[in-house]
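Working notes, structure below.
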Amino acid sequence: QVQLVESGGGLVQAGGSLRLSCAASGRTFSSYAMGWFRQAPGKEREFVAAVSGSIGSTAYADSVKGRFTVSRDNAKNTVHLQMGSLKPEDTAVYYCAAGAAIATTRESWYAYWGQGTQVTVSS
């Protein structure tokens, strides 16, 4: 069983930056991929970014490519999402996910999910 706890959300002006973190329990953290997804009000949850286990290869949604950076610290069982040049359309609840074999965009491949952290970008 893996438990995930997100932190770092908040209110920021357009053009600003935020760094989300996700702390994972368990001793096999480096063996699985981690992902970030988001859900805006009235919309379906969508893929944002993912990072593989030991190699650290990454994947990004086109909407955040060049603005967001996902990284992981296997020694601290933590994954981060550095968000820059934020736009009002980035406003959403951001979820951390774990357990996929690769850095995939597919929700169903992730077995474990955090509770989410709210990110609000004002115009």
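The values are calculated or read from the model by the stated rules, or taken from the named source; none is laboratory data. Remember, predicted model here, so these are calculated numbers, not experimental data. As a convention, Cβ positions derive from the backbone with ideal geometry for all residues, glycine included, and neighbour counts pool all protein chains shown. For accessibility, only protein heavy atoms count, side chains too; no ligands or nucleic acids. Shrake-Rupley method; radii C 1.70, N 1.55, O 1.52, S 1.80 Å.
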Query raised in the report: Out of curiosity, is Gly15 more than 11 Å from Leu81 (Cα to Cα) and open to solvent by 40 Å² or more (accessible area, probe 1.4 Å)?
Result: yes
Requested in this report: Can you work out which of the residues in segment 1-12 that are of a type in the set (A, V, I, L, M, F, W, C) and either open to solvent by 30 Å² or more (accessible area, probe 1.4 Å) or at pLDDT 95 or above (or both) is nearest to Leu86 (Cα to Cα)?
Outcome: Val12
Query raised in the report: What pairs can you find where one residue is in segment 96-112 and open to solvent by 80 Å² or more (accessible area, probe 1.4 Å), the other is part of a helix (DSSP H, G or I), and their Cβ atoms are less than 9 Å apart, with a gap of 6+ or different chains?
Result: Ala101/Trp109; Ile102/Trp109
Report summary line: Checked segment 83-116 for anything assigned to a strand (DSSP E or B) and over 19 Å from Phe29 (Cβ atoms); matches are Met83, Ala92, Val93, Tyr94
Query raised in the report: Can you tell me which residues in segment 46-59 are surrounded by fewer than 14 Cβ atoms within 10 Å (Cβ to Cβ) and either within 24 Å of Leu86 (Cβ to Cβ) or in contact (Cβ under 8 Å) with a residue 40 or more places away in the chain (or both)?
Result: Ser57
Report summary line: Apart from one, (1) closer than 16 Å to Val119 by Cβ; (2) open to solvent by 60 Å² or more (accessible area, probe 1.4 Å) all hold for Ser31; the odd one out is (1)
Query raised in the report: Before we move on, is Arg106 farther than 24 Å from Ser17 by Cα and charged (D, E, K, R)?
Result: yes
Query - Residues of segment 82-95 that turn out to be buried (at least 17 other Cβ atoms within 10 Å of the Cβ) and of a type in the set (Gly, Ala, Ser), as a count - result: 1
Query - Qualifying residues in segment 60-81 (those that are among the aliphatic types (A, V, I, L, M) and under 17 Å from Lys43 (Cβ atoms)) - the one most open to solvent (accessible area, probe 1.4 Å) - result: Ala61
